[in-house]
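For reference, the structure is listed below as structure tokens.
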Amino acid sequence: MAANPNWARWIFHSVADYLKEVATDADLPVLIEHFDERSAAFERATDKAEIRITGPFDQELSKGYHRIYVDVNVLLTSRYDGASKNAATILKNAGLFHEAMSEPIPVWNFGGEPGDYVEDDPPDHLYPDTHVFLGCLTPRPGRNDSVRVMNFGQMDKVDKIKQTEVDARFVMELTEP
């Protein structure tokens, strides 16, 4: 039997919401690839985060029982506009994402399609009134590189832009209804 066609959307929305909250708490402009449009304000931001979610990759272990893999990548960019810029800002932000991505990420029936939970929407027959908890994405066990921070440093001799990436590999198990 095939995977639930809603899983990809629910996983994507859950991870995006979770990491967008991390960026918001850090007062960091954030762009979720495939969700958000690049705005001029985002491009001009001195510090920013771009989040990419890849997957789910599905492995059916037995009839109706699936192991799901998801990769998440956060690209942090920091522009150094003068001597007053704190060079450690990008590392502080990397630490916030590293900490958040080292924890389980709950997956709910978030989305905008019939059958999905939509926060603050008036209840009707298309959207349920309550969340449905599907499980948690957890950093892949037994791997010493489940969550990694990679520093690229200054990308160009002229533009003083530095980049750091926080990359994580997650797994969860789901059962078909």
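The values are calculated or read from the model by the stated rules, or taken from the named source; none is laboratory data. Remember, predicted model here, so these are calculated numbers, not experimental data. Positions of Cβ are backbone-derived with ideal geometry, glycine not excepted, and every protein chain shown enters the neighbour counts. Accessible surface is based on the protein model in full, side chains and every heavy atom, while ligands, DNA and RNA are left aside. Shrake-Rupley method; radii C 1.70, N 1.55, O 1.52, S 1.80 Å.
Among the residues of the stretch 135-152, are any at pLDDT 75 or above, in a loop (DSSP other than H, G, I, E, B) and farther than 22 Å from residue 52 by Cα? No, the conditions are met nowhere in the stretch 135-152.
Within the stretch 49-57, at least one residue is of a type in the set (D, E, K, R) and under 23 Å from residue 159 (Cβ atoms). Please indicate, with yes or no, whether at least one residue in the stretch 43-61 is aromatic (Phe, Trp, Tyr), over 16 Å from the mean Cα position of the chain (by Cα) and open to solvent by 70 Å² or more (accessible area, probe 1.4 Å). No, because not a single residue in the stretch 43-61 is aromatic (Phe, Trp, Tyr), over 16 Å from the mean Cα position of the chain (by Cα) and open to solvent by 70 Å² or more (accessible area, probe 1.4 Å).
Here is a yes/no grid of residues against (1) among the small types (Gly, Ala, Ser); (2) in a loop (DSSP other than H, G, I, E, B); (3) farther than 22 Å from residue 131 by Cα; (4) in contact with a helix residue (DSSP H, G or I) (Cβ under 7 Å, 6 or more places away or on another chain):
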{"residue": "5", "(1), (2), (3), (4)": "no, yes, no, no"}
{"residue": "17", "(1), (2), (3), (4)": "no, no, no, no"}
{"residue": "20", "(1), (2), (3), (4)": "no, no, no, no"}
{"residue": "27", "(1), (2), (3), (4)": "no, yes, yes, no"}
{"residue": "50", "(1), (2), (3), (4)": "no, no, yes, no"}
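When every residue of the stretch 8-18 is checked against the conditions, none turns out to be in contact with a Lys or Arg (Cβ under 7 Å, 6 or more places away or on another chain) and open to solvent by 30 Å² or more (accessible area, probe 1.4 Å). Taking every residue in the stretch 78-105 that is closer than 23 Å to residue 15 by Cβ and buried (at least 17 other Cβ atoms within 10 Å of the Cβ) and pairing it with any residue that is aromatic (Phe, Trp, Tyr) and modelled with pLDDT of 90 or more, at least 6 positions away or on another chain, the pairs with Cβ-Cβ distances below 7 Å are 105/18; 105/170.
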